[in-house]
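The values are calculated or read from the model by the stated rules, or taken from the named source; none is laboratory data. All values derive from a computational prediction rather than experimental measurement. Here the Cβ is made from the backbone with ideal geometry for all residues, glycine too, and neighbour counts use every protein chain on show. What goes into the accessible areas is simple: the full protein's heavy atoms, side chains included, and nothing from ligands, DNA or RNA. Shrake-Rupley method; radii C 1.70, N 1.55, O 1.52, S 1.80 Å.
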Amino acid sequence: MAAPMSNVEEIRSRVILGEFGVKNVHTTDFPGNYPGFDDTWDMKRFQKNFRVDVVHLDENSMEFDMVGIDAAIANAFRRILLAEVPTMAIEKVFIYNNTSIVQDEVLAHRLGLIPIKADPRLFEFKNTGEESAEEEASEIDTIQLQLKIKCSRNPRASKDSSDPRELYLNHMVYSKDIEWVPIGNQADVFADSCIRPVHDDILIAQLRPGQELDIIMHCVKGLGKDHAKFSPVATASYRLLPEITLLETVEGEKAERLKRCFSRGVIDLEDAHGKKVAKVVNSRLDTCSREVLRHSDLKNCVKLGRVRDHFIFTVESTGILPPDVLVTEAIKVLMAKCQSFLSEMNSVDME
Amino acid sequence: MAGEGEKKPVLEMVQADGADDGCVTFVMHNEDHTLGNSLRYMIMKNPEVEFCGYTITHPSESKINFRIQTRGGIPAVEPLRNGLNDLHDVCQHVLNTFQARVNEFKEGQEQPME
């Protein structure tokens, strides 16, 4: 790990964490910047160096490493995940009756934020420009949901009970009470993938006897940049791989202190000639707190850096689509952007 | 100028009076840092390009001004087209690699259970 690196190579490939700031933040490997380096874009070289390692994957979250790509493109994927991968969400709420204490507009907002389990790839965007089709909900662009619930007294409740759960029926309105009302042929098309809220236990409102809700909702396809309710991820972020280099051997009490400066598992103490010697075992676990730089006797023993082209992505889905599908969709969105401008340039002959 | 006469132009070309084809500002509508920065990176990797940069004109306008200046009188449309193609190919490679590795990971997870 402590392989010596020429200064130029370090500037090109590492971000340096110093005591008073972060150095070499920007990408500088462009043609003409460094004599003796060929920085012209080379697809073969990119394909050789690029790699993806999946670290963790389950139905709701994933972690993977993307190595050998520039921050500009990795960041594009992250931004697209947050704001430009489409999902279905409640956009229109028709309130026929709401006698609860939750105001109509607050209720509508709460309903909008509920993730709806429906594959957005099977739907079209609704055309907002056409006045004729303004209120028309069609089977290709809209999902219709219904919430119809009324609270009443529980006739079987004991007389002296004061627990609302026992006294009343339907006094808690949960997302599981939302029912899907298929439009057109939707009942056949989506027969095996029942459309419903992702979570059954989201509390929407609390009612008291006599209060009722009668609501029809329309879900449409949308993008996170229009409204956060359309964002398909709970979070999507990346960090650069930390790199910790010990410049000299650290022993004894100093080694103990060095170990405590980093996250657990980063530094290990090894026995050598009866003394404890510090060794970096897993720099990936470090939070890059730079605590070590506050110890005047330790700060010159270590070099803290991050590998510029090693991105550790964390993607957490809202449950509408699996996280690996979200990433592939994000990449496809960027490809579609390129394609749309290329076809635009070909169709409109630019002088 | 491109995109003229259409209702919503996606891409426009703006050139200063008397400037040659190598110095062009492209106005890309409905784009931001997502495409702007990644495309700028790809185009700056091209040795024929002297300058490439972009700005978001105003936070409430959804368009970017994307400037390209080339060396040796090459029309600025060329590096733009190449940059878009390169970026598309990069995405294709990332997509293929990602899908292959995810499938490998899923297979690896299934096997120990058997």
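Key figures
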quantity	calculated
³J(HN,Hα), Karplus 6.51/-1.76/1.60, whole Hz, each residue of the stretch A:29-39, x for Gly, Pro	7, 10, x, x, 7, 10, x, x, 10, 9, 9
Degrees between helix A:71-83 axis and first principal axis of chain A (Cα, 0 to 90, nearest 10)	20 degrees
Selection of trypsin sites (Lys or Arg not before Pro), the stretch B:1-108, meeting DSSP coil and at most 14 other Cβ within 10 Å	B:Lys7, B:Arg71
Helix-only [θ]222 nm of chain A, DSSP H runs n ≥ 4, -39500 (n - 2.57) each, per residue, nearest 500	-6500 deg cm²/dmol
Student exercise, the stretch A:5-79 dipole from Lys, Arg, Asp, Glu Cβ charges, in Debye to nearest 20	220 debye
At most 14 other Cβ within 10 Å, DSSP loop - GluC sites (Glu not before Pro), the stretch A:26-94	A:Glu59
Solvent-accessible area of A:His218 with every protein chain in place, 1.4 Å probe, in Å² to the nearest 10	20 Å²
Estimated distance in nm for a label pair at A:Ser263 and A:Asn60, the labels positioned 7 Å out from Cα along Cα-to-Cβ	2.0 nm
Principal-axis tilt of helix A:323-347 within chain A, Cα atoms, nearest 10 degrees	90 degrees
Alpha carbon convex hull of the stretch B:11-109, volume per residue in cubic angstrom	105 Å³
Highest-MSF residue in chain A out of A:Ile312, A:Ile69, A:Ile116 [GNM, Cα springs under 10 Å]	A:Ile69
Magnitude of the charge dipole, the stretch B:11-109, Cβ model with Lys/Arg +1 and Asp/Glu -1, debye to 20	280 debye
For chain A, built as a Gaussian network whose Cα springs stay under 10 Å, the top-fluctuating residue of A:Asp29, A:Asp214, A:Asp38	A:Asp38
Rg to Rh quotient for the protein assembly as shown, alpha carbon positions, Kirkwood Rh	1.06
Residue with peak Gaussian network fluctuation, chain A [Cα springs, cutoff 10 Å], from A:Pro31, A:Pro197, A:Pro232	A:Pro31
Chymotrypsin sites (Phe, Trp or Tyr not before Pro) within the stretch A:1-79, DSSP loop, no more than 15 other Cβ atoms inside 10 Å	A:Phe20, A:Phe37
Cα-centre dipole for chain A with unit charges at Cβ (Lys and Arg positive, Asp and Glu negative), debye to 20	1520 debye
